[in-house]
1. Under the condition of being part of a loop (DSSP other than H, G, I, E, B) and touching a residue at least 40 places away in the same chain (Cβ under 8 Å), which residue from the range 409-419 is farthest from residue 398 (Cα to Cα)?
2. So for the range 293-316 (the condition being buried (at least 23 other Cβ atoms within 10 Å of the Cβ) and closer than 30 Å to residue 229 by Cα), does at least one residue qualify?
3. Say whether the condition of being farther than 25 Å from residue 467 by Cβ, in a helix (DSSP H, G or I), touching a residue at least 60 places away in the same chain (Cβ under 8 Å) and in contact with a helix residue (DSSP H, G or I) (Cβ under 7 Å, 6 or more places away or on another chain) is met by at least one residue in the range 235-253.
4. Scanning for something touching a strand residue (DSSP E or B) at 6+ places or on another chain (Cβ under 7 Å) and in a strand (DSSP E or B), does the range 398-408 turn up at least one residue?
5. Could you grab me the full set of residues in the range 351-379 that are within 17 Å of the chain's Cα centre (by Cα) and in a loop (DSSP other than H, G, I, E, B)?
6. Of the residues that make up the range 330-350, is at least one in contact with a strand residue (DSSP E or B) (Cβ under 9 Å, 6 or more places away or on another chain), closer than 30 Å to residue 447 by Cα, modelled with pLDDT of 95 or more and assigned to a loop (DSSP other than H, G, I, E, B)?
7. When you check residue 390 against the structure, is it within 20 Å of the chain's Cα centre (by Cα) and modelled with pLDDT under 95, yes or no?
8. Can you tell me which of (1) within 30 Å of residue 198 (Cα to Cα); (2) modelled with pLDDT of 90 or more; (3) not in a loop (DSSP other than H, G, I, E, B) is the one residue 473 doesn't meet?
């Protein structure tokens with residue numbers, strides 16, 4: 001085995017990736033045999049506790065710099081996309097699959113799409129969708145009330161995935177898919193196939209599918225054809241309706257209409273093409289389904305472990321909502337400060353995106369490390385927030401740390417280290433929608449139900465796919481004890 005400590009640079013000198021500490025590697029394979037894709041984040045976080053904030057591991061012959069030092073992580077996020085970008089294989093994969101949007105775009109294309117897409121994520125647009133979000137939340141409540149009446153265990157993550165698809169479809173397209181009551185839809189299944197396939201190919205040691213197609217690859221190809229056909233039909237129908245009724249452009253009824261109506265402030269003739277809208281809608285479906293569903297599932301996990309947290313959530317809901325069952329606007333949802341703190345603490349400890357893949361656009365230096373153009377990096381965005389230098393008692397679930405004013409003796413609290421939504425120019429545009437969904441579901445459960453784990457002795461594991469999911473989370477709801 002080879003050791004990445006092949007050279008030792010003098011203290012304070014500029015260092016090459018090969019001189020950094022890191023796990024020993026095999027010739028040709030590097031550390032590939034030590035990596036399980038579903039546990040990648042845990043492996044990298046474990047190595048960081050051994051080798052520090054800057055270390056190198058190897059994917060075959062390719063060195064990868066792993067970063068969890070807050071100042072360097074913030075610089076990397078702040079200087080995107082000019083100085084640093086996502087791993088180029090991710091963009092190549094998305095383009096190869098035939099869709100792309102603001103998530104995968106880089107450079108001038110990203111800047112143009114970002115301006116147009118952000119025009120669709122206004123407070124007014126979120127307010128316009130709130131009534132439908134409330135309707136979908138009540139459907140979920142009825143489903144969980146029925147489970148409580150039967151004493152039946154609940155796969156919370158599966159139900160929440162249906163909930164977030166319903167919400168995202170309503171907000172994005174103005175469509176009521178109602179998976180909560182119907183159970184399934186071909187589009188939902190096809191999207192799952194697309195995102196699972198994208199993650200599988202991103203983790204593959206080489207692009208085998210360009211030479212031979214496995215059954216999973218053929219299923220992926222078919223799913224992409226169906227998703228593109230259905231999405232483009234929806235997009236073209238919405239564009240035709242806007243052309244027939246131009247007044248709707250001033251008051252769009254969905255994010256799709258807002259994106260189709262958006263104009264660049266510098267050049268009003270510039271609009272998003274159908275292909276760009278398709279990519280951004282798919283990005284919204286990904287971000288809206290998996291990340292938010294995972295966050296809310298972990299939130300239920302913490303509620304089940306902490307009856308005192310449930311009790312405080314109930315007290316807040318009773319005080320703030322009065323006779324209403326749910327917050328009647330996004331602003332009222334945001335007034336549930338403690339429930340918001342529970343969501344923030346869940347995001348800190350169980351981020352749906354605990355790692356981020358970047359590469360250097362040109363030769364540069366990052367702290368003491370010299371990077372060549374194309375140098376690969378992985379940012380441990382969750383690990384940054386699990387350090388005592390960032391948060392007092394950092395590994396404990398303490399929602400009150402997010403409340404203001406904070407007690408004078410509350411200890412270290414650095415919000416810059418909470419990076420579940422990213423930071424800098426490419427911060428997640430769907431952040432506000434995700435937090436509103438978490439507040440609505442949190443308020444609904446606190447108002448009507450008690451939640452507990454079916455098997456408290458069974459560990460709930462972290463499983464990394466395109467997002468980080470809870471594996472083995474089965475809960476039981478009972479009617480709230482009043």
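1. If we take residues in the range 409-419 being part of a loop (DSSP other than H, G, I, E, B) and touching a residue at least 40 places away in the same chain (Cβ under 8 Å), then 419 is farthest from residue 398 (Cα to Cα).
2. The answer is yes; a qualifying residue exists.
3. There is at least one residue in the range 235-253 that is farther than 25 Å from residue 467 by Cβ, in a helix (DSSP H, G or I), touching a residue at least 60 places away in the same chain (Cβ under 8 Å) and in contact with a helix residue (DSSP H, G or I) (Cβ under 7 Å, 6 or more places away or on another chain).
4. Initial filter on the range 398-408 (touching a strand residue (DSSP E or B) at 6+ places or on another chain (Cβ under 7 Å)): 401, 406.
Now restrict to residues that are in a strand (DSSP E or B): none.
There is no residue in the range 398-408 that is touching a strand residue (DSSP E or B) at 6+ places or on another chain (Cβ under 7 Å) and in a strand (DSSP E or B).
5. Filtering the range 351-379 down to residues within 17 Å of the chain's Cα centre (by Cα) leaves 351-358, 378-379.
Correct list: 351, 352, 353, 354, 355.
6. The answer is yes; a qualifying residue exists.
7. Numbers: within 20 Å of the chain's Cα centre (by Cα): no; modelled with pLDDT under 95: yes.
Considered against the rule, which asks whether it is within 20 Å of the chain's Cα centre (by Cα) and modelled with pLDDT under 95, residue 390 comes out as no.
8. (3)
The values are calculated or read from the model by the stated rules, or taken from the named source; none is laboratory data. What you see is a predicted model, and the numbers here were worked out from it, not measured in a lab. Because the Cβ atoms are built from the backbone with ideal geometry, glycine has one as well, and the counts that use them run over all protein chains shown.
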